[in-house]
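As structure tokens, the structure follows; a few thoughts come after it.
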Amino acid sequence: MFSLFILLLLPLLPLHALQLNHRLLHPSAPQSPFFPRASILPDAAGNPRIEPVPSVQADFEAFATFETSHATDALYQLAIDLQGDSPWLISSVKACHLVNTANEHLVLHVPYPGGTPFAIDYFLDSAPSHGKCPRGWASSPTLALPQNLTITVSIPNRPPLPQLRVPPPLTTTGDPVVQEPEKSFLQKYWLYIVLALGVLMITPGGEEGARG
């Protein structure tokens, strides 16, 4: 078997049958058509399984004969045909990064479990962070079918609900009610303090002290 497909997915996540296509594209050359690469089908548990088409290796051998004066600009694209009038979902990598030891990663973004993908992301773990092609690749371009394809299903997280605040009380005219400033200790209890002092002054002890 030319390619080993590994599935990394959310369990019990049903998917509709999808057709995975691929092609080699160059910006300055006429657009080439997509060719079938594999089918993504749900198994008995609803998890996606891959069925590669027999012509995958032949496609890559044909891609390897692709020569252009700007070979470093060539793109390898994966696409999913959603059927009907829906636009195809396409994601690209630089063709020069396709090597036999590369691991492919395809992310299917679905709105909810069992939903139809609305976007895909395709990338290679062997691609350098700077994105440049290997040295000497332009003079002798070679392409190889990666041995591992990992498919991941991604469901967007729901945004947190906004925290609603109780609106301030309004007056009859519609203006916000102005809160009175908080009173100090003396402002709150001055009456009790005066009463306490008055009681102390009229107590017997206070009268004897006045006589003496």
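The values are calculated or read from the model by the stated rules, or taken from the named source; none is laboratory data. Model, not experiment: these values are computed from the prediction. We place every Cβ from the backbone using ideal geometry, glycine too, and count neighbours over all the protein chains shown.
Points worth noting:
- Residue in region 132-147 that is nearest to the chain's Cα centre (by Cα), counting only those that are under 28 Å from Leu41 (Cβ atoms) and aliphatic (A, V, I, L, M): Leu145
- Residues being of a type in the set (S, T, N, Q), assigned to a loop (DSSP other than H, G, I, E, B) and surrounded by 16 or more Cβ atoms within 10 Å (Cβ to Cβ) - total across region 19-66: 1
- Residue match in region 114-124 (condition: modelled with pLDDT of 80 or more and surrounded by fewer than 12 Cβ atoms within 10 Å (Cβ to Cβ)): no
- Failed condition for Leu143, given (1) surrounded by 15 or more Cβ atoms within 10 Å (Cβ to Cβ); (2) under 30 Å from Ala17 (Cβ atoms); (3) modelled with pLDDT of 80 or more: (3)
- Any pair with Cβ under 8 angstrom, 6 or more apart, that starts in region 43-55 at a residue that is on the phi > 0 side of the Ramachandran plot and modelled with pLDDT under 80 and ends at one that is surrounded by 11 or more Cβ atoms within 10 Å (Cβ to Cβ) and of a type outside the set (A, V, I, L, M): Gly46/Pro14; Gly46/Gly114
- Val99, sole failed condition from (1) within 22 Å of Arg135 (Cα to Cα); (2) of a type in the set (A, V, I, L, M, F, W, C); (3) part of a helix (DSSP H, G or I): (3)
- Complete set of residues in region 103-131 that are over 19 Å from Ile40 (Cα atoms), in contact with a strand residue (DSSP E or B) (Cβ under 9 Å, 6 or more places away or on another chain) and in a loop (DSSP other than H, G, I, E, B): Asp125, Ser126, Ala127, Gly131
- In the condition set (1) under 29 Å from Ala17 (Cβ atoms); (2) touching a Leu at 6+ places or on another chain (Cβ under 6 Å), His97 is compliant with all but (1).
- Filtered residue count, region 151-197, keeping only those that are modelled with pLDDT of 75 or more and under 30 Å from Tyr122 (Cβ atoms): 7
- Region 119-133, residues that are more than 16 Å from Glu104 (Cα to Cα) and in contact (Cβ under 8 Å) with a residue 40 or more places away in the chain: Cys133
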